[in-house]
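Scroll down for the structure; my scribbles are underneath it.
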Amino acid sequence: TVGASLPISGLTAWQGLFRHGRLQVGQSVLVHGAAGAVGSMVTQLAGEAGAYVIGSGRRADRQTVLDFGAKEFVDLENDVLEDVGGVDLVFDVIGGDIGKRSARLIRAGGTLVSIVGPSEARPADGLAVDFVVESDRAQLSEIVQRVRDGRLRTNIGTVSTLDDAVAAFNPTKRINGKTIIRVRP
């Protein structure tokens, strides 16, 4: 189950932070959707790399995000996003209005990394990057080693059988984490 949840979420987080975001020790990172499958990986990897991590999401996600290593939490339904101030990197898995508003939070020379398509707004004095994850054996090996060492944990939301796959991908309530479909019993 862990193996099934790791490649796409882990590689997306890795590539967004290190290849596209060029994350450095001591920088600050705002992670939108930090309780989700990708966001939880971003939060952990950024923290391990020596960044100050601020996670965002729904109020109910606060403790989960803090448990994954964020130093602060922004409740996107009740807090003022702009109170975060300037950050070096925003990792956006939400887009829309949140992505637009986040562009204004980027410090000079910083980066807005999006996995939901091109941002509608660009940082005034920084970069906006959107990307699609690519397979990379060396990066995946780094991620797997971190899981084996206990430095990184996956975020599995639900595990369903193949017979229940349609219902699993059309839940009646929001599920954080990766949905896994078990093909064999």
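Just so it is clear, none of the values below were taken in a lab; they were calculated from the coordinates. All figures in this text were calculated on a predicted structure; none of them were measured in a lab. Glycine gets a Cβ as well: all are built from the backbone with ideal geometry, and neighbour counts include every protein chain shown.
Most tightly packed first, judged by the mean number of other beta-carbon atoms within 10 Å of their residues, the peptides 6-17, 95-106 read 6-17, 95-106. Lys and Arg at +1, Asp and Glu at -1: add these up for the other residues within a Cβ distance under 15 Å of Val29 and post the number. Residues near Val29 contribute 0 overall. Taking each residue as 0.36 nm, the span from Ala60 to Val144 lengthens on full extension beyond its C-alpha to C-alpha distance by 27.3 nm.
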